[in-house]
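Notes for the one structure printed next.
The values are calculated or read from the model by the stated rules, or taken from the named source; none is laboratory data. No experiment lies behind these values; they were computed from the predicted model shown. We place every Cβ from the backbone using ideal geometry, glycine too, and count neighbours over all the protein chains shown. Accessible surface is based on the protein model in full, side chains and every heavy atom, while ligands, DNA and RNA are left aside. Shrake-Rupley method; radii C 1.70, N 1.55, O 1.52, S 1.80 Å.
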Amino acid sequence: MRRSALGGPQPATSATLSNVPVSVRDPFRLRGPAPAAVPRHRNPGSGPGTSRRSADAPGQPRRPPRRPAARIQRERGPRATLSAMLQPPLAVRRRAPSACVGAFFALLLTALPLPGALAAQAAQAAQAAEATEATEDAGASPLERILALGRDDNRVQDHLRVLTQELGPRLTSSSNLERAERWCRDRFASWGLDARLEQYDEWAVGFDRGTSSGRMVAPEERELTFITRAWSRGTDGPVRGPAVLEPESLDEMDTWAAGVGGAWVVQRARARGEQLPRDLRRAIRAATDAAGVLGTIRSGSRDGRLVMSGRAPGSMDELPETVAITLHTDDCADLVARLGRGEPVELEFNIDNRFRRGPIPLHNVLADIRGTEFPDEFVLVQAHLDSWDGAEGACDNGTGVATTLEAARLLALAGVRPRRTIRFVLYSGEEQGLHGSRGYVREHADELEHTSVVLNHDNGTKYLAGIGATEAMRADFEWVFAPVRSLDAGRPFEIRAVEGLRPGPSDHAPFVRAGVPGFHWSQSNEGYRRVHHTQHDVFAAADSADQQHSALVAAIAAYRFASLDGLVDRTFMAVPEARKMGVYLAGTEIQRVLAGKAQDAGWQVGDVVLAIDGTAVETQAELVSALQAGGPRKVVSLRRGGATIESVLDYTDDPAEVEREARRKHFEERAQLGDGPETEDDEG
Ligand SMILES: [Zn+2]
């Protein structure tokens, strides 16, 4: 089977893409006044009278009338205003200080990455400008303009289609990723944002994946479905050789190793989780390295997925010697069966994987809508632009990039003037260990104290369905998300109460660890396993309606967070340490007792926990949650042998309990001051 990793036409050459300069810190970037000496986190004691919505006043989050596209087209504003809307981005303006619209289009021809789409883009921009003017004419609030654009002129899937089908997968260190970074930067800039690439690191080796094909040539012709790992060696043209099953024991090792040179080594399919003994695995690896095998072939998942992975070599001296192939489970089972019954099998692979000598600069893409009142305070809307390269990187994480781009476009075209700076960030290196976001946190350490909130989209294509907020954040979050809740009855939004923020699995984690409120949107993971890091992660897997909704949610959230009077409240943001018993459990039965509370209380292996503080527990999850709830002195009912006994686990003097108690008191006092969540009526 021929597989194209690029999945579509190549974008323009890098020569035309490089017209806008890359800089670590853009020296032309306008700098605002120095930040306020003390960040204005919301005063925990502030009462409900605090106004948090001056940016929207007097417009309230009421649903604007739906505006058919045809009507928008007819409502053409004055020409001068249209030209103003089409002002060139900052980077282009610098080159042509006297740019008129005509000169601007001439410049665009050299500066935009996809000249073929130019006419369509210009038409889109004009249409969006008209839509904006139309709503402005009607005296709409910024929020109403965002809503109108998000509903009637939402381009999120256009961005995703270019990202996935024209630019292709975006492995960190690949030329594809570099093209995508420049394309995203130029998109942001085309909407008037201050956009740039920011280098945070460099790698010694780059990797570009071309097309690949593979087939069985004997005893019969048959196409094979497979992927190669990222940073796997290629074949340098078609390479043919016999297939050989790996040995089953160390006894066979010497004979096997003598005949394996120039062969494709096939792993035996094993039951899930079952591995060869470690010494045998090591011996096989040593023999394959020494014998000069063509490559190794292992089976994909039994459900048909080909799951991507791979590790970037640290230098050009450490490039892998062999090709690493993951073969579709059906093809692999057939191969193993043939070899098992002694059939000679010949395979041919043609894999165009290429290494590039570094240094390969690693970038994040940054784009700002500058704050009017607090330019040095930030609301971050972010996603990772890099992907694995087994498909198109659509749901991981083209979807998050597309909503981030579209949120920027909606806010820019709605003409918002946020109080604090809204910064859109697209990271690289996420899949290999959050390199981009860790780099950002390192490079922007001086801004973290003034970074109000970080909104990270990296959880597939299902609509943004909620966010977890602490008690201290709740009132602000209720206000921020009030318009989101009335967007679409079929797509509800929940603000979950959480005890504290946890780092989690994506680019918000380095921020949370640095004490910045960082959030990963809640999304249903239905269907995500099938596409996540697999050959199925293509444009068609993304849900258009959900994507449009999510882009609008991100835009509204960014604007409203940037409109609050203060920064998001960080009081008691860290998760207090959980109460531990010091036992291993199987369900609610004690399997092992370690040093700790349970041992102090005389618990024994075989004891079964029946209830905590009178609440019956039947599962481990119920047990754990009952233990964490309520006061620090826990009365536990245990069944031991035939008897039921009572036992007390006392956490009163633990440092975590002191903090819990301080929290409880703090929020109790705040509640008495009337700083509870606002209701819908408060919004009117
Ligand atoms: Zn991801």
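Per-structure values
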quantity: Options Pro375, Pro361: the member that is more than 11 Å from the ligand (Cβ to nearest atom), more than 30 Å from Glu318 (Cα to Cα) and assigned to a strand (DSSP E or B); calculated: Pro375
quantity: Unique match (being modelled with pLDDT of 90 or more, in the same structural domain as Gly439 (by TED's automatic domain parsing), open to solvent by less than 40 Å² (accessible area, probe 1.4 Å) and among the hydrophobic types (A, V, I, L, M, F, W, C)) among Ala195, Ala263, Ala230, Ala243; calculated: Ala195
quantity: Given (1) outside the structural domain of Arg145 (by TED's automatic domain parsing); (2) at pLDDT 95 or above; (3) of a type outside the set (A, V, I, L, M), index of the condition Pro576 fails; calculated: (2)
quantity: Search result, residues across segment 417-433 that are under 23 Å from Trp183 (Cβ atoms) and open to solvent by 10 Å² or more (accessible area, probe 1.4 Å); calculated: Glu430, Glu431, Gln432
quantity: Residue match in segment 207-215 (condition: touching a strand residue (DSSP E or B) at 6+ places or on another chain (Cβ under 9 Å), under 22 Å from Leu339 (Cα atoms), open to solvent by less than 10 Å² (accessible area, probe 1.4 Å) and at pLDDT 95 or above); calculated: yes
quantity: Within segment 378-409, tally of residues that are more than 16 Å from the ligand (Cβ to nearest atom) and touching a strand residue (DSSP E or B) at 6+ places or on another chain (Cβ under 6 Å); calculated: 5
quantity: Residue within segment 466-476 that is surrounded by fewer than 20 Cβ atoms within 10 Å (Cβ to Cβ) and of a type in the set (A, V, I, L, M, F, W, C) present; calculated: no
quantity: Qualifying residues in segment 428-460 (those that are part of a loop (DSSP other than H, G, I, E, B) and of a type outside the set (Gly, Ala, Ser)) - the one nearest to Gly527 (Cα to Cα); calculated: Asn459
quantity: Which numbered condition Gly504 fails, given (1) in contact with a strand residue (DSSP E or B) (Cβ under 7 Å, 6 or more places away or on another chain); (2) open to solvent by 10 Å² or more (accessible area, probe 1.4 Å); (3) within 16 Å of the ligand (Cβ to nearest atom); (4) within 25 Å of His159 (Cα to Cα); calculated: (4)
quantity: Test: residue in segment 632-644 that is modelled with pLDDT of 90 or more, touching a helix residue (DSSP H, G or I) at 6+ places or on another chain (Cβ under 9 Å) and among the charged types (D, E, K, R); calculated: yes
quantity: Per-region count, segment 474-501, residues touching a residue at least 12 places away in the same chain (Cβ under 8 Å) and either among the aliphatic types (A, V, I, L, M) or within 16 Å of the ligand (Cβ to nearest atom) (or both); calculated: 9
quantity: Count of residues meeting criterion [within 16 Å of the ligand (Cβ to nearest atom) and open to solvent by less than 20 Å² (accessible area, probe 1.4 Å)] in segment 441-465; calculated: 8
quantity: Members of segment 285-301 found to be over 13 Å from Thr534 (Cα atoms) and surrounded by fewer than 20 Cβ atoms within 10 Å (Cβ to Cβ), listed by number; calculated: Arg285, Ala286, Asp289, Ala290, Ala291, Gly292, Arg298
quantity: Residue list for segment 410-440, filter: out of contact with any Pro (no Cβ under 8 Å at 6 or more places or on another chain), of a type outside the set (Asp, Glu) and within 16 Å of the ligand (Cβ to nearest atom); calculated: Val425, Leu426, Tyr427, Ser428, Gly429, Gln432, Gly433, His435, Gly436
quantity: Residue match in segment 622-633 (condition: part of a strand (DSSP E or B) and among the aliphatic types (A, V, I, L, M)); calculated: no
quantity: Among the candidates Thr588, Thr534, Thr571, residue that is in the same structural domain as Val624 (by TED's automatic domain parsing) and of a type outside the set (Lys, Arg); calculated: Thr588
quantity: Selected residue (only one of Gly566, Gly518 is within 16 Å of the ligand (Cβ to nearest atom), small (Gly, Ala, Ser) and closer than 18 Å to Glu449 by Cα); calculated: Gly518
